[in-house]
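The values are calculated or read from the model by the stated rules, or taken from the named source; none is laboratory data. Because the structure is a prediction, the values reported are computed rather than measured. FYI the Cβ positions are ideal-geometry reconstructions off the backbone, even for glycines, and counts take in every protein chain you see.
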Amino acid sequence: MKKLSQAAAAALLIASTPVLADEAGDPNRGHAYARAHCAECHGVETTRDDFSPNVDAPDFAVVANTPGMTERAVGVWLQTPHPSMPNLMIAADDRGDLAAYIMSLKTPGEQP
């Protein structure tokens with residue numbers, strides 16, 4: 001009976017703990033966020049003629065197709081200050097959505 005109580009307590013603890021695993025963001029919400037907050041400097045659209053207005057700011061498609069780039073790496077990149085980038089505070093949900101959108105721009109067949 002004691003083992004059953006311990007197992008039940010462990011299950012309850014696990015069920016009440018926030019999920020820490022990477023949860024995929026919503027690329028559609030990320031696209032909307034990018035248009036509203038990032039397009040002033042970055043090329044954020046999927047069209048080939050959408051270039052970054054700021055030559056120091058990479059197009060999001062370029063970021064997505066950087067060798068080794070993953071959604072997790074984009075999320076970290078969005079939290080890291082860059083000298084040429086304003087100090088943006090992006091909420092975790094928005095960051096996940098934005099990372100999902102950026103990675104949706106990856107050319108099919110390219111490896112992360």
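A count restricted to region 71-100 and to residues that are part of a helix (DSSP H, G or I), within 16 Å of VAL44 (Cβ to Cβ) and either more than 14 Å from the chain's Cα centre (by Cα) or not hydrophobic (A, V, I, L, M, F, W, C) (or both) stands at 3. Has region 15-23 got at least one residue that is modelled with pLDDT under 90 and surrounded by 12 or more Cβ atoms within 10 Å (Cβ to Cβ)? Checking region 15-23: at least one residue is modelled with pLDDT under 90 and surrounded by 12 or more Cβ atoms within 10 Å (Cβ to Cβ).
Would you confirm whether or not region 57-68 contains a residue that is surrounded by fewer than 10 Cβ atoms within 10 Å (Cβ to Cβ), within 20 Å of PRO108 (Cβ to Cβ), modelled with pLDDT of 90 or more and small (Gly, Ala, Ser)? Yes. Scan region 57-77 for residues that are touching a Cys at 6+ places or on another chain (Cβ under 8 Å) and more than 15 Å from ALA99 (Cβ to Cβ) and jot them down. Correct list: ALA57 only.
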